[in-house]
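Values quoted throughout were computed directly from the atomic coordinates according to the rules given, and no laboratory measurement underlies them. Note that this is a predicted model, so its numbers are computed, not measured. Because the Cβ atoms are built from the backbone with ideal geometry, glycine has one as well, and the counts that use them run over all protein chains shown.
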Amino acid sequence: MMKPQHAETGHQEDIPDPPRPPSCQPQPNPPGITPFLSVAILNYNEIHTLEEAARTAARVLALMGVTHEIVLVDDGSSDGSRNLITHLVEVLPHCRAVLHRRNLGIGEGIRTCYFTSRGEWSTWFPADLQADLNELPRLAAGLTDCDALITYRDPRSRKEPMYRKAISACDRLLVRFLFGIQVRDLHWIRFFRRSLLDRMTVQCRSPFVDTEMLAMARMLNARVKEAPLDDQIRKSGVGRGALPKNLVASFKEMVLLAWRGGRILPPGDAGQIDLSLREFVPPHGSRRN
């Protein structure tokens, strides 16, 4: 059933979900306790699917019964997404937002997802619903015996044009040759332990940031595991990773990383991002008048 549009803000009005058993109701995170899982949702002009993504994440995480946070990351959208994000932070439990003051690109968006979250584990999903948030329980169950969980799509059933599959195959070959890294998918959903993230100095700002983080995880002798995760047909927005400017930037950063190598921080230090380019919206319950 369609939700009615709000006359002033344009976002969909809330329609109460069916009652759930008491054990499935969202439980408050204990004060001062680091949540087990941070799930960031990266948005750029995807207002038509953003609310569904955020509400699905909230529902699934509540059913999982783990302490968690949802971080809505907006990369300078111009389609009204920010008003919707403000509304979602108000109504969803354990939800906050980080807003880029201008469009910084997908690489910076990924950096924001990982390095402004707080959970013992951190991951991000696109707001276009190309990755199914209902798979979170299955993926989280595989976190017990690894430090990084890298998901992959089956190339035979991947819902992308052939030219994008060819770009991905060339990307994997180059990364294997330059860094000795062999994984089935370099640019899909992945989970990292906070203890790894806190020692990474991420310098890439293109989509190659995915590979840079994996290279540094390898330098830290992380236990890396792979798990399948099929992609879905994109319901909103357009893919930006294979744009010519992103491909050129990724290749340049790939060569630079191969030349200079990554830099690992001592335990207890944390990789830095430029906070001046980001606006933080705290969870509704933590605000004061």
Quickly work out the Arg176-to-Cys146 label distance, labels modelled 7 Å from Cα along the C-beta direction, and quote it in nm with one decimal.
-> 1.8 nm
Between the range 107-124 and the range 36-64, what is the C-alpha centre distance in whole Å?
-> 14 Å
Here the FRET efficiency for Leu277 versus Ser157, based on Cβ atoms and R0 = 41 Å and rounded to 0.05, is 0.60
Relative contact order (percent) for the range 34-284, with alpha-carbon contacts under 8 angstrom and 6 or more residues of separation?
-> 27 percent
The summed charge of the Glu279 Cβ neighbourhood (under 13 Å; Lys/Arg +1, Asp/Glu -1) stands at +2
Computed label-point distance, nm, for sites Lys235 and Arg184 using a 7 Å Cα→Cβ extension = 2.5 nm
Quick one: which residues, 5 or more positions from Tyr152 or on another chain, have an amide H under 5 Å from its amide H? H modelled 1.01 Å from N in the peptide plane, none for Pro or chain starts.
-> Ala227, Leu229
For the range 34-284, just say rounded, prolate or oblate: build the C-alpha gyration tensor, square-root its eigenvalues into a ≥ b ≥ c, call rounded for a/c under 1.5, and beyond that prolate if a/b exceeds b/c, oblate if not.
-> rounded
Kindly write out, for the range 63-71 in residue order, the coupling ³J(HN,Hα) from the Karplus curve 6.51 cos²θ - 1.76 cosθ + 1.60 (θ = phi - 60°), rounded to whole Hz, with x marking Gly and Pro.
-> 5, 5, x, 10, 5, 7, 9, 10, 10
Length gained, Ile33-Arg138, 0.36 nm per residue minus C-alpha separation, equals 35.4 nm
Under 5 Å from the placed amide H of Cys95, counting only residues 5+ away or on other chains, we find Ile70, His284
How large is ³J(HN,Hα) for each residue in the range 204-215, as worked out from phi by the Karplus curve 6.51 cos²θ - 1.76 cosθ + 1.60 (θ = phi - 60°), to whole Hz, x for Gly and Pro?
-> 6, 10, 9, x, 5, 4, 4, 6, 4, 5, 5, 5
